[in-house]
Every structure is written in C-alpha cells, then in structure tokens.
Amino acid sequence: MLDTKIFTPGQTSATGFAGLRAVLRDPLSGWPASLFEGEPLDYKLGPVRSIDTPRPEDVALVLLDQRDAFRRSPMVRLMLGRAMGDGLIIADGESWRLQRSIAAPVFRHSELKKLVPIFDVAARRMTADLGAGGEIAVLEPLTAATLDVIIESLFGDVALDRAAISRDVAHFLNVGGVPHLFDVLGLPAWVPRPGRGSSNAAARRLRKTSAQVLAKKRAEGGGGGAMTDHLLAATDPETGQGLSDAQLVDAVMTFVGAGHETTSVALSWTLWLLAARPELQEQLRAEGQALGDAIEADDLAYLDLHTRVIQEAMRLYPPVVSVLRQATRPVEMSGRHLRKGDFVNLITIAMHRNPDHWPDPDRFDPDRFLPEAVKARHRFAYLPFGGGATMCIGWKLALMEATVLLARLVQGFEVAAIPGAPPPYPTVRITMRPDNGMRLRLTPRGTL
Ligand code: HEM
C-alpha cells in the first residue's frame with residue numbers, strides 16, 4: 001500500500017531564529033508529531049504568542065462562534081498585499097464585507113455552470129498537449145490549464161501574453177510565497193525585504209496588465225458575460241456602492257493568485273495517489289464513459305467518484321496547510337486565555353490526519369466522502385477551503401474545474417509512478433506543492 005505520510009514531523013532541531021527560519025522553509029518537518037495527534041502547540045517568539053491548533057472545536061470558535069474576536073493576520077497582507085492589495089483574501093471589516101457582497105453573485109452555482117465549457121476546453125487543450133505522454137512533471141501542464149481557466153473566466157476571450165503572466169505569477173508565489181523573517185517580525189511593508197525585489201517587480205507587472213484590461217473593458221462599456229464584466233457593473237445591495245478601480249485590480253489579482261495554483265496542486269497530488277491505484281482509475285473511467293465530446297454542466301452531477309477522489313486527495317495534501325488569525329480582544333479558546341494580539345494558526349493538514357476524526361488517517365480512501373460518512377464527522381474536521389463567512393469563495397468553482405480536468409486526464413491516460421523514483425516532498429510556498437513538479441508516467445490509453 002502507498003505510504004502517504006511522506007513527511008516526518010518533529011525533524012527541526014535548530015532553536016532561535018535559525019529554528020524559526022527552518023520552520024518557515026519547511027513547516028511540515030518543523031511541527032511536532034503531537035500536533036498530528038490532536039495536541040495544540042503553544043509557543044512564544046519574543047513578545048508574540050502563537051497557538052498552532054489541529055482541533056475542529058477551535059476552528060468553530062475562531063471562524064464561526066467568536067469570529068468577531070479575530071482578524072486576518074497582518075503577515076498575510078505583508079506577503080500577498082504587494083500583488084493583491086487589500087483584496088478579499090487579505091481584507092477585514094467593511095472592506096471585506098463590500099468585496100464579498102459584490103463578488104458573491106459571480107460564484108453562484110447558476111453562474112459557475114456557464115463556465116464548464118471553459119473548463120472543458122482547457123482540459124482538452126491540456127490532454128492534447130500531453131500528446132504521447134511519457135515521464136512528465138504534471139504540475140506544470142496542470143497549472144497552465146488552471147491559469148487558462150481563471151483568465152478566460154475572468155476576462156473572456158481577451159488577447160493576453162499568458163506565458164508572461166504565468167511566469168510572473170509563478171515567480172511571485174515562489175519567491176514571495178515563503179514568509180520573510182521581516183514579515184514574521186511585523187516590520188512595516190516599506191522596509192525592503194532582501195531577496196524580494198524581483199517578485200515585487202512581477203507583482204507590479206501583473207497589476208499593470210490587469211488595470212489595462214479592466215480600463216479597456218470599462219471604456220468599451222462592459223456588457224460581456226465574463227466575471228470582470230459582472231464585477232465592473234455590480235453594486236453592493238446595502239449601500240449601492242461599486243468597486244473602485246484599485247479594488248477591481250485587487251479582485252482580479254486575488255482571483256488569479258488564489259484561484260489557479262491551489263487547484264493544480266490539488267490535482268497533482270490526486271494523480272500521484274491515483275498512480276498507485278490502477279483499479280480506481282478504471283472505476284473513474286467507467287463513471288465518465290458516457291461523457292461526450294463536450295462536457296456539460298449537467299454531466300458533473302454523475303461524476304461523484306471523481307469529486308470524492310479529489311476531496312480525499314485534498315484531505316491528505318491540502319493545498320493550503322493552515323489558516324492564520326490574530327485575536328483582536330481577549331478570548332477563551334479550549335482552556336487557554338488568548339490576549340489581544342495573540343495568533344491562532346488552524347493547522348489544516350494536522351486536522352486532516354488526526355486519528356480521532358479520521359480512522360487509519362494515512363490511508364487514501366475516497367469513501368470517507370460518501371454522504372453518510374461526512375454526516376457522521378465534525379463539520380470542521382475537514383478544512384481545505386477554510387470555513388465560516390470567509391470560507392473560500394471559489395470552492396465550488398475549484399471542485400467543478402478539478403472534476404472536469406481529472407475526467408479528461410483519466411479518460412486519456414493511464415497514470416503510473418516512475419519506477420525507482422523517490423516520492424515527491426510537499427514544500428510549502430503559500431500552497432503545498434510537490435518538490436519535483438510531480439513527475440509521473442502518463443501512457444495514452446489508445447496505445448495501451
Ligand atoms: C483547490 C482549490 C482551492 C483551495 C484549496 C482554496 C483554499 C482556500 C482557503 C483555505 C481559504 C481561506 C483563507 C482564510 O480564511 O484566510 C480560501 C479563501 C479564498 N479563496 Fe480559495 N481555494 C481554492 C480555490 C479558489 C478559487 C478557484 C478561487 C477564485 C477563483 C479562490 C478565491 C478565494 C478567495 C477570494 C478567498 C477569500 C474569501 C473571503 O475571505 O471572503 N479560491 N481559499
């Protein structure tokens with residue numbers, strides 16, 4: 001059976017700043033094994049107190065019951081704000097409320113159904129590009145496909161230099177995706193972060209491109225059916241206010257940044273798990289055999305096993321390994337007294353492997369997501385998309401898109417591990433990616 005526990009907690013022995021650096025670079029081996037058994041971890045960095053918790057009860061408290069006692073961590077703003085401004089994933093308070101209220105209709109199921117043809121075109125382009133298969137680092141073509149999807153969904157059929165965008169997004173997330181020591185220490189944004197210059201330049205280029213496309217659309221009077229056409233025209237039902245030009249750029253940058261690599265990373269881990277399970281690939285093919293030349297929104301209703309496989313892959317390898325919040329007033333959390341300014345890090349990956357909620361937690365078993373199994377679990381034992389009011393706005397889009405991409409991949413190819421190759425290592429760079437780009441052997445089915 002495949003050993004899915006490819007990381008070993010409790011490996012970082014360095015202390016002080018050296019230890020902190022090591023944990024920032026590789027949190028999975030820095031976190032102690034006890035965290036994965038359900039024990040919160042309490043620590044202090046100078047004046048900063050932080051609690052890492054894998055407990056669903058703490059998630060319920062932080063994201064739901066006492067939500068008003070917490071805000072997003074300023075560290076996330078310091079890392080992502082250079083590209084995403086005060087976008088939805090960074091904002092708090094009234095700015096968050098306005099942006100969420102304006103963006104929510106764009107992510108309604110009825111709107112998302114219209115995007116399925118975009119998902120399918122990207123999926124077919126990707127499988128055509130994979131051509132004769134071979135030993136391939138699949139993360140790159142998957143990321144190209146999910147970037148295509150988000151750009152097309154946001155802008156419609158606008159001519160853009162997608163290769164340049166893709167390079168800049170990847171560079172920004174790669175270099176800027178590791179928390180800088182200065183971010184952790186809370187140094188203000190104007191203090192230059194050594195090593196961050198080129199990722200700042202990438203963020204500036206991306207914002208400029210977004211602003212140009214939005215300005216062109218505004219000048220043309222909008223009216224198209226793409227997401228940005230809706231965002232340009234939408235107003236908040238409570239105040240009648242629309243998004244400013246800067247907020248529109250923030251929104252585009254946020255949806256591009258938050259909405260493509262997350263999905264491709266999830267799919268890369270899904271394929272790795274499937275590589276060890278040829279019989280499950282057969283079952284997926286059987287489920288998808290009635291799919292025609294074009295996948296329609298209604299087809300997704302019967303691709304249940306596809307969805308369960310993706311959900312279970314995101315349990316074992318959640319693309320976002322933790323959700324960070326800071327207390328804005330004193331609050332009690334599972335017997336601990338949190339003071340204003342204390343941090344709480346909800347450690348998704350540890351929660352997802354806690355044996356109290358997930359029997360035999362390292363086993364890959366998509367049946368954990370059958371409806372009766374889901375009903376029997378704590379609702380916050382599974383947190384790949386966060387929870388409460390700030391739950392990922394794109395979760396349904398991501399699942400629908402991933403289902404279509406997976407269906408086309410397994411219909412087109414047999415997926416297998418490369419014999420003798422070491423397993424991938426999950427590196428945390430905003431998302432949790434395979435360090436080897438997920439090298440797998442793809443064999444076109446027609447040639448089997
Ligand atoms: C597998 C794919 C995805 C994963 C694992 C994922 C994960 C998450 C998580 C964990 C959060 C919560 C962050 C927090 O509470 O601080 C979040 C929020 C968010 N995600 Fe996603 N996401 C995915 C796909 C997408 C897509 C496709 C989009 C947009 C097109 C998107 C846009 C956002 C936005 C805007 C937020 C902030 C929501 C708010 O605070 O109101 N995500 N996502």
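Values quoted throughout were computed directly from the atomic coordinates according to the rules given, and no laboratory measurement underlies them. No experiment lies behind these values; they were computed from the predicted model shown. Please note: Cβ atoms are built from the backbone with ideal geometry, for glycine as well, and neighbour counts cover all protein chains shown.
Note on the chain: percent of Cα-Cα distances in each 10 Å bin, starting at 0 and stopping at the bin with the largest distance, equals 4, 21, 31, 28, 14, 2, 0. Counting other Cβ atoms within 10 Å as a rough exposure proxy, the listed residues F36, F385 run F385, F36 from fewest neighbours to most. Going by neighbour counts of Cβ atoms within 10 Å, the residues S268, S73, S334 line up, fewest first, as S334, S73, S268.
Beyond 30 Å in Cα-Cα separation lie the following of the pairs K113/K375; K5/K208; K5/K114; K5/K44: K5/K208; K5/K114.
Given +1 at the Cβ of Lys and Arg, -1 at the Cβ of Asp and Glu and no other charges, the dipole of the chain around its Cα centre is 1380 debye to the nearest 20. Extension gain, E39-A163: 0.36 nm per intervening residue step, less the Cα-Cα distance, totals 40.2 nm.
Note: relative contact order over the chain, using C-alpha pairs below 8 Å and six or more positions apart, is 27 percent.
Residues whose amide H comes within less than 5 Å of that of G341, counting only those at least five positions distant or on another chain, are A327, T328, R329 (H built at 1.01 Å from N in the peptide plane). Each Lys or Arg adds one and each Asp or Glu subtracts one; over the other residues with Cβ under 11 Å from the Cβ of T127, this totals +2. Taking θ as phi - 60° and the Karplus parameters 6.51, -1.76 and 1.60, the scalar couplings of region 345-355 work out to 10, 7, 8, 3, 5, 6, 4, 6, 10, 6, x Hz in sequence order, x denoting glycine and proline. One chain, two ends: A417 and N436. Fully extended at 0.36 nm per residue, the span grows by 5.6 nm beyond their Cα-Cα distance. For region 53-70, putting each phi into the Karplus relation 6.51 cos²θ - 1.76 cosθ + 1.60 with θ = phi - 60° gives couplings of 10, x, 8, x, 4, 6, 4, 4, 5, 6, 8, 10, 5, 10, 4, 6, 8, 9 Hz, in residue order, rounded to whole numbers and with x for Gly and Pro.
Evaluated at q = 0.13, 0.18, 0.21 Å⁻¹, the base-10 log of the normalised Debye intensity for region 1-132, with identical point scatterers placed on the Cα atoms, takes the values -0.96, -1.16, -1.22. Over all other residues within a Cβ to Cβ distance under 13 Å of T262, the charged ones net out to 0, with Lys and Arg as +1 and Asp and Glu as -1. Neighbour counts of other Cβ atoms within 10 Å put I393, I136 in the fewest-to-most order I136, I393.
If you count the DSSP beta bridges with both ends in region 16-447, what percent of them are antiparallel, to the nearest 5? Percentage antiparallel, nearest 5: 90. Summing charges over all other residues whose Cβ lies under 14 Å from the Cβ of D148, with Lys and Arg as +1 and Asp and Glu as -1, gives -4.
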